[in-house]
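What follows is a set of notes on a single structure, which appears directly below.
The values are calculated or read from the model by the stated rules, or taken from the named source; none is laboratory data. Quick caveat, the model's predicted, so the values are computed rather than measured. Note that we place each Cβ from the backbone using ideal geometry, even for glycine, and neighbour counts take in every protein chain shown. Protein only, heavy atoms only, side chains kept; ligands, DNA and RNA dropped before computing areas. Shrake-Rupley method; radii C 1.70, N 1.55, O 1.52, S 1.80 Å.
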Amino acid sequence: MSISTAARAMPARTLTPTGVGFADGDYKPVEQITVSVLDYGFTRSDVTYDVVHVWDGRFFRLEHHLDRFLASMARLRMSIPHDRDAIRAILMECVRRTGLREAYVAMLCTRGRPPAGVRDLRQCANSFVAYALPFIWIASPEKQQSGLSAVIAPRPRIPAQSVDPTIKNYHWLDMERSLFDAYDAGADTVILPSMDGVVTEGPGFNVFAVRDGTVMTPDSGVLEGITRQTVIDICRRNGIAVEIRPVPVAEFRDADEIFLTSTAGGVMPLTRLDGRVYGNGAPGAMTTRIRDLYWTWHREEAETTPVAYDD
Ligand SMILES: Cc1ncc(COP(=O)(O)O)c(C=O)c1O
């Protein structure tokens, strides 16, 4: 039996907890999901994607992620034969087939490739792929107890005027090279400044600082993270002062508390930056309060969409 015949024959009721993907109209074990080396998504990083998570059997803020994914595709002039409802159903089905209660769920749209001998982007057949994996943490819950360490990168983030960071993208070489600088310095991760010396974001996360009870996060030059927006919403709903504005690196370093936000890990305390220790090396009170609220919101019906499991 060929691989694709085997995949089509994959019984819907067999759970595949290592991961299930969707490509070319079929659900398959995630290891069988492939993208051609000739796809411009690979050769030109001409791709957009989104990642949503499932926690305790419920998608968190799924509609926010679909909004962002569809907006990113529209701005890259990509289109696929699946509308919003179909994409939602595909993501749901990927998770259902894994049986996972905690999952990392990705959707991607690549440019695809033009017909042989043609280089016209308008003739590319854009392709859609989705998959659900066991939950992925940027920093494990144990690591979050003590807090992460980071350095400020020696190179700026790609300017937003060149690659718009609000279109979720894989232009990550600035961040990947900076991660090696962080490893060399014995740190867990890295935060990139902008060309003009304000903080931006890091590999897979937005950044926040807390000073005198006010929470602040950069207003531009960053992905508008769904976790970032959730923290802003949490602050506003709980009477916590929040400022969305440029944050110079020097002001960021001087903060009382720093935390990172991502779908892959939530609200993650940072307790060391370039060797400076924050809060005696333990997560700060404001970070802990926001983090607790963030996970509490995962039980709110208005913020979640239950997965239709078989049992
Ligand atoms: C560059 C970048 N910034 C920020 C984030 C955080 O976004 P979200 O909270 O939507 O996961 C991500 C997530 O992958 C990212 O890649």
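List of remarks:
- Qualifying residue in the range 220-243 (condition: touching a residue at least 24 places away in the same chain (Cβ under 8 Å), under 18 Å from LEU273 (Cβ atoms) and within 15 Å of the ligand (Cβ to nearest atom)): yes
- Looking only at the range 285-300, and only at residues there that are more than 17 Å from HIS53 (Cβ to Cβ) and of a type outside the set (A, V, I, L, M, F, W, C), the one that is surrounded by the fewest Cβ atoms within 10 Å (Cβ to Cβ): ASP292
- Of all the numbered requirements in (1) without any contact (Cβ under 8 Å) to a residue 24 or more places away in the chain; (2) aliphatic (A, V, I, L, M); (3) surrounded by 16 or more Cβ atoms within 10 Å (Cβ to Cβ), MET73 misses one, and that requirement is (1).
- First in the range 58-69 and more than 11 Å from the ligand (Cβ to nearest atom) and in a helix (DSSP H, G or I), second anywhere and open to solvent by 30 Å² or more (accessible area, probe 1.4 Å) and modelled with pLDDT of 95 or more, Cβ under 8 Å, 6 or more apart: LEU62/ARG88; LEU62/THR305; GLU63/THR305; LEU66/ARG84; LEU66/ARG88
- Residues located in the range 160-210, provided they are surrounded by fewer than 18 Cβ atoms within 10 Å (Cβ to Cβ), away from the ligand (no atom under 14 Å from the Cβ) and in contact (Cβ under 8 Å) with a residue 24 or more places away in the chain: ASP181, ALA185, GLY186, MET195, GLY197
- Whichever residue in the range 1-33 is in a helix (DSSP H, G or I) and open to solvent by 70 Å² or more (accessible area, probe 1.4 Å) and, among such residues, is modelled with the highest pLDDT: GLU31
- Criterion violated by MET107 - all others in (1) open to solvent by 50 Å² or more (accessible area, probe 1.4 Å); (2) touching a Leu at 6+ places or on another chain (Cβ under 9 Å) satisfied: (1)
- Candidate set: the range 39-57, residues that are touching a residue at least 60 places away in the same chain (Cβ under 8 Å) and over 21 Å from THR263 (Cβ atoms); chosen: the one most open to solvent (accessible area, probe 1.4 Å): PHE42
- Criterion violated by ALA150 - all others in (1) touching a strand residue (DSSP E or B) at 6+ places or on another chain (Cβ under 6 Å); (2) open to solvent by 70 Å² or more (accessible area, probe 1.4 Å) satisfied: (2)
- Yes/no for TYR27 being more than 16 Å from the ligand (Cβ to nearest atom) and under 29 Å from GLU303 (Cα atoms): yes
- When SER36 is tested against (1) over 20 Å from LEU100 (Cβ atoms); (2) open to solvent by 10 Å² or more (accessible area, probe 1.4 Å); (3) in a helix (DSSP H, G or I), exactly one condition is not met: (3).
- Of the criteria (1) more than 20 Å from ASP67 (Cβ to Cβ); (2) touching a Gly at 6+ places or on another chain (Cβ under 9 Å), which one PRO165 fails: (1)
- Residue within the range 119-132 that is closer than 24 Å to ILE226 by Cβ, among the hydrophobic types (A, V, I, L, M, F, W, C) and within 15 Å of the ligand (Cβ to nearest atom) present: no
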